[in-house]
1. With the condition kept exactly as written, say whether any residue in the stretch 177-199 is at pLDDT 80 or above, basic (Lys, Arg) and crowded, with 18+ Cβ neighbours inside 10 Å.
2. With under 29 Å from Leu324 (Cα atoms) and of a type in the set (A, V, I, L, M, F, W, C) as the only criterion, which of Leu198, Leu177, Leu220, Leu227 stands out?
3. Go through the stretch 188-220 residue by residue and tally those that are under 30 Å from Lys245 (Cβ atoms) and of a type in the set (Ser, Thr, Tyr).
4. Pairs needed: first member in the stretch 312-324, at positive phi; second member anywhere, modelled with pLDDT under 95; C-beta distance under 7 Å; at least 6 residues apart or different chains.
5. Quick check: anything in the stretch 8-27 in a helix (DSSP H, G or I), in the same structural domain as Ser113 (by TED's automatic domain parsing) and not charged (D, E, K, R)?
6. When the residues of the stretch 28-59 are filtered to those that are outside any helix (DSSP H, G or I) and among the aliphatic types (A, V, I, L, M), which remaining residue is surrounded by the most Cβ atoms within 10 Å (Cβ to Cβ)?
7. Which of (1) of a type in the set (S, T, N, Q); (2) exposed (fewer than 13 other Cβ atoms within 10 Å of the Cβ); (3) assigned to a helix (DSSP H, G or I) is the odd one out, the single condition Ser229 does not satisfy?
8. Can we say Ser117 is modelled with pLDDT under 95 and of a type in the set (Ser, Thr, Tyr)?
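The values are calculated or read from the model by the stated rules, or taken from the named source; none is laboratory data. What you see is a predicted model; the values in this text were computed from it and never measured. Glycine also receives a Cβ, built like all others from the backbone with ideal geometry; neighbour counts cover every protein chain displayed.
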Amino acid sequence: MANETRKTPANSTQTVNVPQDNGTQETRITEEMVLRSNNRTKKDVGTWRTGIVSAESVYRPNFVPLFDMHTDILLDAHLSGLIKKRVASVINKKLVFKVGEKKVDEMDKLIDSKVFSDVRRQFIMSKMHGRSGLEFVPGKKLAFNEVPRKHIDMKNQLITREQWGGEGVFYPDFWNLWVIGDPNDLGLLTICGFYALLKKGAISNWAEYVELYGSPVMVLKYGGNDLQSKKQAKDIIDKSGNSLKIAITKEMDFQIVDGKTSNGDGSLQDTFVERLNQEMSLIITGNTETSTNGKGGTGAKSLVHQNEQKQLTKEDMDFELDMLNSDKFLGILARYGYKVGDGHFEYVGEVDVDFLQQKIKVDLPLLQAGLPVSAKYLYETYNIPMPEPGEQLVILGSTQEPDGDETEPDADEAKPAPKGKLAKAAPKKKPAAPATMAMTPDQVQAMMQQTLTDFFGSALSIEG
């Protein structure tokens with residue numbers, strides 16, 4: 001009875017908000033749905049605004065017209081390309097699963113699977129449409145069915161059998177139903193809808209312009225009283241190509257007034273379409289310079305836009321980690337037999353090369369000045385693997401080889417590191433030391449910069 005009370009909002013304008021991580025039942029609601037075809041009738045700005053008004057109703061929001069519009073504008077090549085680019089910038093990032101600081105190798109097969117990539121894709125698509133729904137299929141292997149967005153009633157937290165609402169299941173009660181999104185989020189595609197529909201009309205008008213004025217006009221004149229000439233003119237028109245053909249009497253005056261004087265090369269339509277593409281690029285990727293080739297500006301301008309896109313990608317990555325490490329998803333994985341325990345997903349090997357190249361210019365002078373720095377800081381900051389025993393090491397500013405039998409002093413007796421070397425953070429009995437290779441600071445900086453540029457193709461380790 002208490003659960004029933006939680007399902008009922010104070011009045012019909014309120015939204016039900018029950019956590020989804022306590023469900024114990026399971027369902028196959030997608031097999032019971034009555035599916036409808038997408039409405040492919042002509043859409044325009046009026047359709048777009050009507051869909052928004054319908055979706056924003058506080059009494060009975062209806063998202064069906066809006067999602068039909070989303071499906072229609074996804075046929076736009078530029079818009080669909082932008083979405084693929086934003087999705088790829090996140091799901092191409094390498095993930096690992098750790099319990100504490102220990103990587104769980106058994107989870108790698110799951111992380112590299114197609115179904116896991118499809119789950120990750122749903123996270124970003126929830127930002128495009130405002131919501132995503134997944135119905136996980138009970139069994140031995142992770143699998144899911146995508147819940148049609150028209151059947152997701154987030155106001156009442158229902159998955160409905162009909163797209164227009166009505167009877168359905170209360171998805172917080174089911175462990176295998178997961179709805180991602182916000183009830184009041186109409187999605188980025190709704191914002192893009194205005195520009196995509198204008199673009200569709202602009203290209204249609206452009207095609208009509210080309211059809212009318214892209215080919216020469218054939219004008220045949222004949223004597224007004226010469227029936228034989230009229231017949232011959234008609235025969236010529238019927239047998240000629242598809243360009244515009246007109247037969248008139250010599251006494252008639254014929255003139256085509258067009259816009260070629262001011263728009264002879266179609267630059268008006270081209271400029272308009274380009275502007276609409278830039279608006280959609282700004283909405284989806286946060287910039288206009290990394291998806292299209294700007295006709296003006298400098299490299300600095302492109303760099304600013306690139307940095308803006310990086311910030312948006314970082315936001316998407318944080319959102320993805322929030323979803324993957326949520327109690328809901330970890331609980332779902334546990335149902336499939338994965339030993340998630342207190343573990344968590346995290347990214348590995350993902351760094352901003354430009355940022356690190358600038359950071360080297362700060363860190364290296366500090367090391368040269370003798371500032372004691374934890375080796376762990378350098379390894380983690382520059383994403384460099386710890387050296388294995390027996391590997392050759394690079395030692396900054398040193399030409400000496402350490403004694404393999406040397407016993408380091410206790411922590412209380414540790415002395416400050418000499419200039420150009422690192423202090424020992426945790427002195428212990430050292431094993432036999434590997435061979436070392438001396439390098440100057442300039443050589444180290446050049447090597448580190450080249451390593452970063454090559455996406456860390458060779459590891460750099462620094463030890464004193």
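1. Looking for residues that are at pLDDT 80 or above, basic (Lys, Arg) and crowded, with 18+ Cβ neighbours inside 10 Å, one finds at least one in the stretch 177-199, hence yes.
2. Within the list Leu198, Leu177, Leu220, Leu227, the selection yields Leu177.
3. Matching residues across the stretch 188-220 total 4.
4. none
5. Looking for residues that are in a helix (DSSP H, G or I), in the same structural domain as Ser113 (by TED's automatic domain parsing) and not charged (D, E, K, R), one finds none in the stretch 8-27, hence no.
6. Only one residue fits best here, namely Met33.
7. Against the list (1) of a type in the set (S, T, N, Q); (2) exposed (fewer than 13 other Cβ atoms within 10 Å of the Cβ); (3) assigned to a helix (DSSP H, G or I), Ser229 comes up short only on (2).
8. no
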